[in-house]
């Protein structure tokens, strides 16, 4: 059986330049919109997962996903490039991105 290996990494969800759904909720602070960079990155993310889905289908393949690097930005080195200081907000954004990729390849 053929295997498609999808490798992603360093999504840095929670950072101002990290992967982010177009609209997301900050825990208890309402909904926010992704910035211009994040919207472009999200379109690339969706496109990538569509290509993965197409490859899996074309080759009747098994899919293996490898996640390298930082899934969330975190609060470190005095950075101000975070949307929220709350780790649960960052994890929620990472979870939303993961869910979107799963939906893309399974639908």
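I'd like to verify a number: residues in the range 1-17 that are assigned to a strand (DSSP E or B), under 12 Å from residue 63 (Cβ atoms) and touching a helix residue (DSSP H, G or I) at 6+ places or on another chain (Cβ under 6 Å), how many?
Residues in the range 1-17 being assigned to a strand (DSSP E or B), under 12 Å from residue 63 (Cβ atoms) and touching a helix residue (DSSP H, G or I) at 6+ places or on another chain (Cβ under 6 Å): 2 in total.
Could you please let me know if residue 104 is surrounded by fewer than 16 Cβ atoms within 10 Å (Cβ to Cβ) and free of Cβ contacts under 8 Å to residues at least 60 places away in the same chain?
Spelling it out, it is not the case that residue 104 is surrounded by fewer than 16 Cβ atoms within 10 Å (Cβ to Cβ) and free of Cβ contacts under 8 Å to residues at least 60 places away in the same chain.
Computed from the coordinates by the stated procedures, all read-outs in this text should not be read as laboratory data. Model, not experiment: these values are computed from the prediction. Methodologically, a virtual Cβ is constructed for each residue, glycine included, from the backbone with ideal geometry; neighbour enumeration extends over all protein chains shown.
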